[in-house]
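**Student:** Sharing a structure with you now.
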Amino acid sequence: NAGVTQTPKFRILKIGQSMTLQCTQDMNHNYMYWYRQDPGMGLKLIYYSVGAGITDKGEVPNGYNVSRSTTEDFPLRLELAAPSQTSVYFCASRGTGGSGANVLTFGAGSRLTVL
Amino acid sequence: GQNIDQPTEMTATEGAIVQINCTYQTSGFNGLFWYQQHAGEAPTFLSYNVLDGLEEKGRFSSFLSRSKGYSYLLLKELQMKDSASYLCAVRDLYGNNRLAFGKGNQVVVIP
């Protein structure tokens, strides 16, 4: 199993550009999450999804959009990149049954710089 | 909402014991988690507490007191590879069981 796969690993954007961070998982997990982590800080929840077709806002959703057309994929879109969106982005997923319901599996992260 | 507080950094010697504290406030507590994060890497799951008491898992133990809104992670027989950030996270029943993370505590292990 590949687990949670994020692409790209690194990206530099100019202010105002748009891009999509891809996230896919092969564990058939219903729950998926996007977090951002700024230096020396904890993880802040951007958006999450409890299943295909369902998404909801987290703590810091402004400037981002998501979609969940399949169980496997949960892309995060930045429409008009701003320097405040410079961060490391983590996608995560978890299952709903047994001990797996308690464990978030994270992707390796995507480091985004907006100049 | 949730409020999670952790101290920021500590240094300890190889072979020693270190305790990392976490205090929290939440309206719908449904579990407390500890994650380990090495520099430049993703967090990985360490432990989970939902009932009061101590959970032991090898060199790592985690304690929870729900009435005090308090948890600690105990790292025993410290090894160099334990140098990492340790994140406390609380699950909120009223927020679709989302996890809210603290800022993390950086542990530096020295020889």
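**Student:** Find the relative contact order for segment A:1-67 and round it to a whole percent, using C-alpha pairs within less than 8 Å whose residues are 6+ positions apart.
**Tutor:** Answer for segment A:1-67 is 22 percent.
**Student:** If you take the accessible area of A alone plus B alone and subtract the pair, what total do you get in square angstrom, rounded to 100, with a 1.4 Å probe?
**Tutor:** 1500 Å²
**Student:** Pairs of Cα atoms under 8 Å, at least six residues apart: use those to get the relative contact order of chain B, whole percent.
**Tutor:** About 37 percent, as a whole number.
**Student:** Here is a further query. Of all DSSP beta bridges in the protein assembly as shown, what percent run antiparallel (nearest 5)?
**Tutor:** Details: 72 of 81 bridges.
Of all bridge pairs located within the protein assembly as shown, approximately 90 percent are antiparallel.
**Student:** Could you work out how much longer the chain between residue A:96 and residue A:115 gets when fully extended? Use 0.36 nm per residue separation minus the Cα distance between them, nm to one decimal.
**Tutor:** Extra length available between residue A:96 and residue A:115 comes to 2.9 nm.
**Student:** Then there is this: With the other protein chains left in place, how much accessible area per residue, in square angstrom, belongs to chain A at a 1.4 angstrom probe?
**Tutor:** On a per-residue basis, chain A sits at 46 Å².
**Student:** Another question, if that's okay. Under 15 Å from the Cβ of residue A:88, count the other residues' Cβ atoms, weight Lys and Arg +1, Asp and Glu -1, and hand me the total. Don't skip to the end; give the middle numbers.
**Tutor:** Working: positive: A:9, A:11, A:36, A:44, A:111, B:103; negative: A:38, B:41.
Local net charge: +4.
**Student:** A follow-up question, please. Read phi for every residue in segment B:12-29 and hand back ³J(HN,Hα) as whole Hz from Karplus 6.51 cos²θ - 1.76 cosθ + 1.60, θ = phi - 60°, with x for Gly and Pro.
**Tutor:** Karplus-based 3J(HN,Hα) across segment B:12-29 equals 9, 8, 3, x, 7, 10, 10, 10, 10, 9, 8, 10, 8, 9, 8, 8, x, 4 Hz.
**Student:** Right, another one. Over the whole of B:100-109, what's the average partner chain Cβ count within 10 Å per residue? Rounded to a whole number, please.
**Tutor:** Per-residue shielding by partner chains comes out at 3.
**Student:** Can you give the average number of partner chain beta-carbon atoms within 10 Å of each beta-carbon in peptide A:58-69, as a whole number? Please list the in-between numbers first.
**Tutor:** Working: counts 4, 5, 0, 0, 0, 0, 0, 0, 0, 0, 0, 0.
If you average over the peptide's residues, the count of other-chain Cβ atoms is 1.
**Student:** Continuing with the same structure: In segment A:7-115, what percent of the accessible surface is made up of carbon and sulfur (1.4 Å probe, ligands and nucleic acids excluded)?
**Tutor:** About 53 percent, which is the carbon plus sulfur part of the accessible surface.
The values are calculated or read from the model by the stated rules, or taken from the named source; none is laboratory data. None of the values given here were measured: they were computed from a predicted structure. Note: ideal-geometry Cβ built from the backbone for every residue, glycine included; neighbour counts use all protein chains shown. All accessible areas refer to the heavy atoms of the entire protein, side chains included, with ligands and DNA or RNA removed. Shrake-Rupley method; radii C 1.70, N 1.55, O 1.52, S 1.80 Å.
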